[in-house]
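Everything below concerns the one structure shown next.
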Amino acid sequence: MDSHKHSGMNKAFFLPKEQREPRWLIVDAKGLVLGRLATRIANALRGKDKAYFTPHTDSGDYVVVINADKVVLTGNKWNDKIYERYTGYIGGLRTATAKEVLKKHPTRLIKHAVEGMLPKNKLSDQIVKKLKIYASDQHPHAAHTMHKLI
């Protein structure tokens, strides 16, 4: 066999924890469509927008979403889209329309949409902690250098 056959070709790449350099991205949700916004956020949280993306490591960025209460839904989804949650008690199924959820918990619409787009595994629990959502344009992360995502 040739000795050069196993040189450096076809080596699997994975990013070591020490080489991770997560950035802080800021998104102004004002006037943006919920689903399209959530897709971009989920990809940034996972690191899929980077060349060195590795599925089994957390290589994504921190995402700060401001003006979450000004997000947009298309069509008649404000009244037709139903969110269900279960309290844990018998007969404890609670339903609310998107409009009701936005009124009571303005950040929950974006959080729910992004969580639904992340893989269902132990890593996603860690990834979702890097998502910071605020209903207004005030946020406590001013100390970080922010980059604009959208």
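The values are calculated or read from the model by the stated rules, or taken from the named source; none is laboratory data. All figures in this text were calculated on a predicted structure; none of them were measured in a lab. Heads up, the Cβs are rebuilt from the backbone with ideal geometry, glycines too, and the neighbour counts pull from every protein chain shown. With ligands, DNA and RNA removed, areas are computed over all heavy atoms of the protein, side chains included. Shrake-Rupley method; radii C 1.70, N 1.55, O 1.52, S 1.80 Å.
A few comments on the model shown:
- The residues in the stretch 114-141 that are more than 14 Å from ASN43 (Cα to Cα) and open to solvent by 80 Å² or more (accessible area, probe 1.4 Å) can be counted, and the count is 8.
- Scanning the stretch 58-91 for residues that are in a loop (DSSP other than H, G, I, E, B) and without any contact (Cβ under 8 Å) to a residue 60 or more places away in the chain yields SER59, VAL71, LEU73, THR74, GLY75, ASN76, LYS81, THR87, GLY88, TYR89, ILE90, GLY91.
- Considering the stretch 33-45, and only residues there that are in contact (Cβ under 8 Å) with a residue 60 or more places away in the chain and open to solvent by 50 Å² or more (accessible area, probe 1.4 Å), the residue that is nearest to ASN121 (Cα to Cα) turns out to be THR39.
- Criterion violated by LYS111 - all others in (1) open to solvent by 70 Å² or more (accessible area, probe 1.4 Å); (2) at pLDDT 95 or above; (3) within 19 Å of the chain's Cα centre (by Cα); (4) over 25 Å from ASN76 (Cα atoms) satisfied: (4)
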